[in-house]
1. Go through the residues of the stretch 129-136 one by one and say whether even a single one is of a type in the set (S, T, N, Q) and on the phi > 0 side of the Ramachandran plot.
2. So, in the stretch 58-94, of the ones that are of a type in the set (D, E, K, R) and over 18 Å from residue 38 (Cβ atoms), which residue ends up nearest to the chain's Cα centre (by Cα)?
3. Do you know which residues across the stretch 234-256 are part of a helix (DSSP H, G or I) and of a type in the set (A, V, I, L, M, F, W, C)?
4. Mind listing whichever residues of the stretch 174-212 are part of a helix (DSSP H, G or I) and under 27 Å from residue 7 (Cα atoms)?
5. Looking at the stretch 299-352, which of the residues that are among the hydroxyl-bearing types (Ser, Thr, Tyr) and not in a loop (DSSP other than H, G, I, E, B) is farthest from the chain's Cα centre (by Cα)?
6. Residue check: is residue 236 closer than 26 Å to residue 116 by Cα, among the hydrophobic types (A, V, I, L, M, F, W, C) and surrounded by fewer than 15 Cβ atoms within 10 Å (Cβ to Cβ)?
7. Residues 114, 109, 103: which one is buried (at least 22 other Cβ atoms within 10 Å of the Cβ) and part of a loop (DSSP other than H, G, I, E, B)?
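Since every read-out is calculated from the coordinates, none of them should be taken as a lab result. Every value quoted in this text rests on a predicted model; they were computed, and no experiment measured them. Virtual Cβ from ideal backbone geometry, glycine too; neighbours counted across all protein chains shown.
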Amino acid sequence: MTVLQNDRFLKALRREQVDRTPVWIMRQAGRYLPEYRATRAQAGGIIDLFRNPKLACEVTLQPLDRFELDAAILFSDILTVPDAMGLGLYFETGEGPRFKNPVLDRKAVDALPVLDPDKDLDYVMAAVTEIKSALNGRVPLIGFSGSPWTLVTYMVEGGSSKDFARVKTMAYAEPETMHALLTKVSDAVAAYLLAQVRAGAQALQIFDTWGGSLSHAAYREFSLAYMKEIVAKIKAEAPDIPVILFTKGGGLWIEDIVNSSCDCVGLDWTADIGRVRRLTGGRVALQGNMDPAILRAPPARIREEVSSILDSYGPGPGHVFNLGHGITPDINPEHVEALIRALHDLSPAYHQ
């Protein structure tokens, strides 16, 4: 068994003492890195890149070779699950992901197959295995999936949406159809995440990117309820694997999210991390939550923001530093280095 050389991230998720605040960055392997752009061009496109285990491993490691990060995250896409269910994923230039076969009615829901992740998403499992081997204990590997609600928004809308009109109509006008769809997707996500654990993932994150588009009651019914089911299934089979729930715009539901039995709550930049820490009383670790736009500012301003977030969280364990959402393609990698350097300089004082 390979010994983990850097376990700060896992210790922080368990709210154990560390020597400095660990950091990883959502979408840390991405278009802001010239080496990523070169590998993506070599692959021929984003789908070809995440379906190629060797190249997916290569881009997963690229940010770790450039920055002193405390975790790697599998390079893949949240839409692999609906794609494997036969929806026909493709990417439209300038418009993002699209599906050839959106789910528009109960007949389409009933026709969705039961996902076998080891077979239907074997390229993801091969990537996890290859990345874990290449890391050789350097840092932990995070596996991930989109939340059921987030995946369903794409599946029903047929791609990205500004108003979620089609998926919300199904949720409110045909709730039985929506719950049938969410149940199928939830089962698939749980199986997918557990397969990643078997392949070597050491922590898991559920990206609930569009949970914040829902009303208070609807969030609990259509998003959080299904994430709770997934967490329960993970804990039943892999109790030692920490789970992070990240709802963009989820600050209104922190106490509900904490009660999901997750180990860590990811926060976007609209939440005050110190207030959330006081509210949760140390029951979970917290991840976040710098506004990605700060990385467009000069290094001195980035350092100020790092200091402000550390000061808000305060001393003690349980903080994983991250952005409040994924890093954007326009960011200068030197500004990411400035963030990490500031964190390494400033955070040890909070762990003495």
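1. yes
2. 77
3. Step one: filter the stretch 234-256 for residues part of a helix (DSSP H, G or I), giving 234-237, 251-256.
Within the stretch 234-256, 234, 236, 252, 253, 254 meet the criteria.
4. Those that are part of a helix (DSSP H, G or I) and under 27 Å from residue 7 (Cα atoms): 189, 190, 191, 192, 193, 194, 195, 196, 197, 198, 199.
5. 350
6. Yes: the conditions hold for residue 236.
7. That would be 103, the only listed residue that is buried (at least 22 other Cβ atoms within 10 Å of the Cβ) and part of a loop (DSSP other than H, G, I, E, B).
Okay, residues lined up against (1) under 30 Å from residue 70 (Cβ atoms); (2) in contact (Cβ under 8 Å) with a residue 60 or more places away in the chain:
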site: 116; (1), (2): no, yes
site: 124; (1), (2): yes, yes
site: 128; (1), (2): yes, yes
site: 150; (1), (2): yes, yes
site: 178; (1), (2): no, no
site: 192; (1), (2): yes, yes
